Every structure is written in C-alpha cells, then in structure tokens.
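The values are calculated or read from the model by the stated rules, or taken from the named source; none is laboratory data. Note that the structure is a prediction, hence the values are computed from the model and not measured. We place every Cβ from the backbone using ideal geometry, glycine too, and count neighbours over all the protein chains shown.
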Amino acid sequence: MLLVIGVLSWPLASRIVRSSVLGVTQQEYVEAARAVGASDARIVTRHVLPNSFAPVFVFSMISIGAIIGVEATLSFLGVGLQLPAISWGLMINTAQSYVFDSPHLLLFPGLFVTLTVLAFLLLGDALRDAFDPRLQR
C-alpha cells in the first residue's frame, strides 16, 4: 500500500527537489564558488545540497501526514489494508457498527489519526518557519 502511494506521489517530490536545486544553483555564492575555481563536486556537496535540503525536508514532513491520512481513508473504505493487518482506518471501519454501544471504539482511532496527521502538518510548518531565512529577525 505504501509502495503504491509512494509511486503515485513521486512526481511532486521530484518537482520540489528539482526546483529547490535549480533555485540554489542560481544564487550568487554558487557563481562565486565557480569563479574561484571550485569543482562541480565541491559546489554540489558544499553549497547546493545543504541549501536545497530545507524545502525537501519540509515537504517530506507534510507528505508523511498526508500519506497517513490517505492510508487510513483507503483502509476505512475497504480498498487498503484488510483485517489481519492493523490500521486506524480498519479500526474506524470496524467500530462504526458499534458506535451506539461503544462510542470510544470509534472515538480513539479517529482522534489518533487526526492528531498524528495534524502533528506532522504542524511539524512541517514549524520546520518551514525555522529553515526560511526571510522569516528570521
């Protein structure tokens, strides 16, 4: 299941990586390193990779939350994981028939999915704020 989600989401990740690297290669410090005669390998390892890491890392954190939500949704709908497996979506699907007798069976998995996805989204947002030099005072 995660393999399918990963295969379907790689184009967006590759566009983010590409745009980040292209943005860094246009910076003045990369041109200055080229002017002083630094090799391409040195420019990539010392300038391009460290400075293009932040957007990729932020996107990864936000994507983890989205992937957890997609997996739980697909498992709830019956398209994803099936019953021998353990998933919050399966727990919610099973608990919906007991909602009037035992509402906590539905409440806790739904709450945990929501809090986990929200935590990864807020972590990605906080990392974006921390890594963005324009937001620094």
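Of all residues in segment 5-16, those satisfying the criterion of being hydrophobic (A, V, I, L, M, F, W, C) and under 13 Å from the mean Cα position of the chain (by Cα) are I5, W10, L12, A13, I16.
For segment 19-65, the set of residues classified as in contact (Cβ under 8 Å) with a residue 12 or more places away in the chain and over 30 Å from L122 (Cβ atoms) consists of T25, Y29, V30, A33, I43, R46, H47, listed by residue number. Scanning segment 16-72 for residues that are of a type in the set (V, I, T) and within 28 Å of A119 (Cβ to Cβ) yields I16, V17, V56, V58, I62, I64, I67, I68, V70.
Applying the selection to segment 78-93, what residues are in contact (Cβ under 8 Å) with a residue 12 or more places away in the chain and closer than 14 Å to L2 by Cβ?
Just the residues of segment 78-93 that are in contact (Cβ under 8 Å) with a residue 12 or more places away in the chain, to begin with: 78, 80-81, 87-93.
G80, L81, S87, G89, listed by residue number.
Exactly one of (1) out of contact with any helix residue (DSSP H, G or I) (no Cβ under 6 Å at 6 or more places or on another chain); (2) of a type outside the set (S, T, N, Q); (3) touching a residue at least 60 places away in the same chain (Cβ under 8 Å); (4) closer than 22 Å to S14 by Cβ is unmet by L74. Its number? The number of the failed condition is (4). Counting only residues that are modelled with pLDDT under 85 and either touching a Phe, Trp or Tyr at 6+ places or on another chain (Cβ under 8 Å) or within 22 Å of G6 (Cα to Cα) (or both), segment 94-116 holds 2 of them.
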